[in-house]
Amino acid sequence: MSELSINPGIEIRDSERELDRFRRRLAILGVFVLTLFGLLFLRFFYLQVIQHGHYSTLAEANRISILPIAPHRGIIVDRNGIQLAHNYSAYTLEITPSKVQSLEDTIDGLAAIIEITPRDRRRFRKLLEESKSFESLPIRTRLSDEEIARFAVHRYRFPGVEAKARLFRQYPQGEMFSHVVGHIGRINQREVEQLEKDGRLANYRGSDYIGKTGLEQSYEKFLHGTTGVEEVEVDSGGRAVRTLSRTPPVSGNNLVLNLDAKLQEVAYNAFGDRKGALVAIDPATGGILAFVSKPGFDPNLFVDGIDPQSWSELNGSPDKPLLNRASAGTYPPGSTFKPFMALAALFYGKRTPQQTISDPGYFMFGGHRFRDDKVDGHGLVDMYKSIVVSCDTYYYVLANDLGIDPIARFMALFGFGSRTGIDIAGEATGVLPSTEWKARRFSRPEQKKWYAGETISVGIGQGYNNYTPLQLASAMATLANDGVMFRPHIVNYIEDIRTRDKQLVEPTPLRNLGIKQEHIQVIKQALVGVNKEGTGARAFADAPYTSGGKTGTAQVIAIKQGEKYVESRVAEQHRDHALFIAYAPADKPTIALAVVSENSGFGARAAAPVARKVLDYHLLGKLPAATDGKN
């Protein structure tokens, strides 16, 4: 039997120790795994239980799309229901620049299937400059059914291009009401910031347009309406599956105006090819019956965004069609200022109606000869005659006797040199000269001083005098209403589109001037005399009603001393303006107006006939006979 031999180089393992080490490692790993599962459980618990509401809302939001629904804009009608601004529906082709690789290629491709004019391209580029790249911008508006069908066939070729149904604003009367009704336009960044500041931005979600000028701007909050909301379920691709709920929009309220569209048409056409303005007011309420500024412009050009060429033509035109002459244009009042000067003389006790002066045809002051329009003068002139024949010399003397500051204080009562508060923006203040005004107006000490000779020209409505036709009409309405002034307003009432309730724009008496009625009657009697036997008699010959009026002629450029004004030798743009103020019927006036016909010469020749046509229509319903277009 052989013996077993043990090799001393072989180490015998301690299996118990290794097993114990393995168990410890396994326990540590188990604790680690259990900790991870614990943390995972806690995270699940936090998300599923604690944050359930939050993530449920997010998930619902991913599933539901909130779409704003723009409201219909309120319409604007005249006192007889004639529409001056309304809406209609049409398709527009719109491009979202951020979704298009090449705008030019896209537009060229669209032009191959739908007509896109150079004007459309210019307008689009202008909108692109004013808008953010993610906004949808129109390249074509008012598409026909045939054009919509052609685009639908090729739609797959134009990502980022859509045909959308839109409401469009239309102004059927065109330029005739352009300055008073105004127009809408696309909302710009400045307006977005203002809406946000006013807390109204949420109501403009989905709206592209806002009132820019005229009544469209000043009554924006009534016309716009309330934006609606539609909740739509969408799939993973963002396509609408079904409508979950809908809060319909509320249309804007309608505006019913004091304006008479037919009277406005008569007044507008009465100017012929002349530039000018006319404002007619109801003296008893301040309601605006006609508000003409000629020439006007087509407000429909601005609705879709005016193209640069059309804008340049309007903005650069020497006729200034964008200027609202009725409330923002200012003119020397000329002799239409004289009735108020005469009333000031009575008010201050500087004259009696019977007091006379001798008119030799001029007034000498400081070595300067102030000429009357009648070379050999008017002889003895009392207050009545001074207005009826429009005697300059009478008012040269009177102005010197009154002094500039008393004149300014009295004229301020009638609203000269201050805004009337009419319900459209952009009204000018005009210039009512005084020593205080001149000290503020000029910078050099020698310019600040008021010179007595400057007062003389002010007396006949020249010099620094500068007022709007609206101010002249308001002053005449106040005189016709025996010294009670009302705030001029264009809107009669606001009509609620749902309930048909009417929110009346109440006539607002601004003040009673506190002038003695016997003094007012003296002036009104003279104004009636103007149209019966004075400078307005020719225009009002055979009128079946009695009216009061006053002609005026205002210099555009100064004539050197000793020179005689000869109209034919003066360039048309430098010729005198023609003015006329009037009211009728004389016993109980229902209308007072002011007319300015630019560069037309004498008021009796150019402005008074315009007033006659307007008064004939207002009082008699008489339409003027067709003319050759000139006054």
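The values are calculated or read from the model by the stated rules, or taken from the named source; none is laboratory data. For clarity, every value in this text was computed on a predicted model and none was experimentally measured. Cβ coordinates were reconstructed from backbone atoms using ideal geometry, including for glycine residues, and neighbour counts include every protein chain displayed. For the accessible areas, the whole protein counts, side chains as well, though only heavy atoms, and no ligand, DNA or RNA atoms are used. Shrake-Rupley method; radii C 1.70, N 1.55, O 1.52, S 1.80 Å.
For region 111-123, name all the residues that are open to solvent by less than 40 Å² (accessible area, probe 1.4 Å) and over 36 Å from the mean Cα position of the chain (by Cα). Quick ask: steps written out before the conclusion?
So in region 111-123, the residues open to solvent by less than 40 Å² (accessible area, probe 1.4 Å) come out as 111, 113-114, 116, 120, 123.
Of everything in region 111-123, just one residue is open to solvent by less than 40 Å² (accessible area, probe 1.4 Å) and over 36 Å from the mean Cα position of the chain (by Cα), namely 113.
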- Between residues in region 213-224 that are closer than 21 Å to residue 298 by Cβ and residues that are open to solvent by less than 50 Å² (accessible area, probe 1.4 Å) and part of a helix (DSSP H, G or I), which pairs lie under 6 Å by C-beta distance while being six or more apart or on different chains? 214/180; 214/181; 215/181
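Give the residues of region 220-242 that are out of contact with any strand residue (DSSP E or B) (no Cβ under 6 Å at 6 or more places or on another chain) and at pLDDT 85 or above, sorted by residue number.
Within region 220-242, 221, 223, 224 qualify.
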- Can you confirm whether region 403-417 contains a residue that is in a helix (DSSP H, G or I), more than 30 Å from residue 489 (Cα to Cα) and among the aromatic types (Phe, Trp, Tyr)? no
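Would you tally the residues in region 579-598 being open to solvent by less than 10 Å² (accessible area, probe 1.4 Å) and touching a residue at least 60 places away in the same chain (Cβ under 8 Å)?
Filtering region 579-598 down to residues open to solvent by less than 10 Å² (accessible area, probe 1.4 Å) leaves 579-584, 591-597.
Then keep just the ones that are touching a residue at least 60 places away in the same chain (Cβ under 8 Å); that gives 579-583, 591-597.
Counting residues in region 579-598 that are open to solvent by less than 10 Å² (accessible area, probe 1.4 Å) and touching a residue at least 60 places away in the same chain (Cβ under 8 Å) gives 12.
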- Scanning region 245-267 for residues that are open to solvent by 60 Å² or more (accessible area, probe 1.4 Å) and either of a type in the set (A, V, I, L, M) or at pLDDT 95 or above (or both) gives 262, 265
- Note on the structure: In region 73-85, residues that are surrounded by fewer than 17 Cβ atoms within 10 Å (Cβ to Cβ) and within 23 Å of residue 142 (Cβ to Cβ) total 1
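One line per residue, one yes/no per condition, for (1) part of a helix (DSSP H, G or I); (2) among the small types (Gly, Ala, Ser); (3) more than 30 Å from residue 295 (Cβ to Cβ):
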position	(1), (2), (3)
142	no, no, no
151	yes, no, yes
154	yes, no, yes
164	no, no, yes
172	no, no, no
178	yes, yes, no
190	yes, no, no
193	yes, no, yes
196	yes, no, yes
- Task: Count, please, the residues in region 489-501 that happen to be free of Cβ contacts under 8 Å to residues at least 40 places away in the same chain, of a type in the set (D, E, K, R) and either crowded, with 16+ Cβ neighbours inside 10 Å or at negative phi (or both).
- Result: 1
- Message: Taking the conditions exactly as written (in contact with a strand residue (DSSP E or B) (Cβ under 9 Å, 6 or more places away or on another chain) and within 29 Å of residue 362 (Cβ to Cβ)), does residue 390 satisfy them or not?
- Response: yes
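Is at least one residue of region 211-220 in a loop (DSSP other than H, G, I, E, B) and open to solvent by less than 10 Å² (accessible area, probe 1.4 Å)?
Narrowing region 211-220 to residues in a loop (DSSP other than H, G, I, E, B): 212-213, 219.
Checking the rest, the ones that are also open to solvent by less than 10 Å² (accessible area, probe 1.4 Å) come to none.
Taking every residue of region 211-220 in turn, none turns out to be in a loop (DSSP other than H, G, I, E, B) and open to solvent by less than 10 Å² (accessible area, probe 1.4 Å).
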- Among all residue pairs at least 6 apart or on different chains, which show Cβ distances below 6 Å where the first residue, located in region 64-77, is part of a strand (DSSP E or B) and the second is surrounded by 16 or more Cβ atoms within 10 Å (Cβ to Cβ) and of a type in the set (Ser, Thr, Tyr)? 68/227
- Mind telling me which of the residues 271, 291, 297 ends up being among the hydrophobic types (A, V, I, L, M, F, W, C) and under 30 Å from residue 484 (Cβ atoms)? 291
- Go through region 268-281 and give me each residue that's of a type in the set (A, V, I, L, M) and not in a helix (DSSP H, G or I). 277, 278, 279, 280, 281
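Mind telling me which of the residues 293, 310 ends up being of a type in the set (Ser, Thr, Tyr) and under 18 Å from the mean Cα position of the chain (by Cα)?
Numbers: 310 fails: under 18 Å from the mean Cα position of the chain (by Cα).
Result: 293 is the single residue among 293, 310 that is of a type in the set (Ser, Thr, Tyr) and under 18 Å from the mean Cα position of the chain (by Cα).
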- Item | Candidates 433, 445, 469, filtered to the one that is out of contact with any helix residue (DSSP H, G or I) (no Cβ under 9 Å at 6 or more places or on another chain) and within 23 Å of residue 327 (Cβ to Cβ) | 469
- Note on the structure: Expected output for region 230-251 (first residue more than 17 Å from residue 69 (Cβ to Cβ) and of a type in the set (Val, Ile, Thr), partner at pLDDT 70 or above and open to solvent by less than 40 Å² (accessible area, probe 1.4 Å), Cβ below 8 Å, 6+ apart or cross-chain) is 241/232; 241/233
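Quick check on residue 426: is it under 18 Å from residue 179 (Cβ atoms), within 23 Å of the chain's Cα centre (by Cα) and open to solvent by 20 Å² or more (accessible area, probe 1.4 Å)?
Values: under 18 Å from residue 179 (Cβ atoms): yes; within 23 Å of the chain's Cα centre (by Cα): yes; open to solvent by 20 Å² or more (accessible area, probe 1.4 Å): yes.
Yes.
Looking only at region 435-472, filter to residues that are outside any helix (DSSP H, G or I) and open to solvent by less than 20 Å² (accessible area, probe 1.4 Å); which one of those is nearest to residue 287 (Cα to Cα)?
468
Right, residue 139: of a type in the set (Val, Ile, Thr) and crowded, with 19+ Cβ neighbours inside 10 Å or not?
For residue 139, the condition - of a type in the set (Val, Ile, Thr) and crowded, with 19+ Cβ neighbours inside 10 Å - is met.
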- Failed item, numbered, when residue 532 is tested on (1) in contact with a Ser or Thr (Cβ under 9 Å, 6 or more places away or on another chain); (2) closer than 27 Å to residue 259 by Cβ; (3) without any contact (Cβ under 8 Å) to a residue 24 or more places away in the chain: (2)
- Item | Cβ pairs under 6 Å, 6+ apart, first in region 178-194 and closer than 16 Å to residue 221 by Cβ, second open to solvent by less than 20 Å² (accessible area, probe 1.4 Å) and not in a helix (DSSP H, G or I) | 184/169; 184/211; 187/210; 191/210
- Go through the residues of region 453-471 one by one and say whether even a single one is over 21 Å from residue 607 (Cβ atoms) and within 30 Å of the chain's Cα centre (by Cα). yes
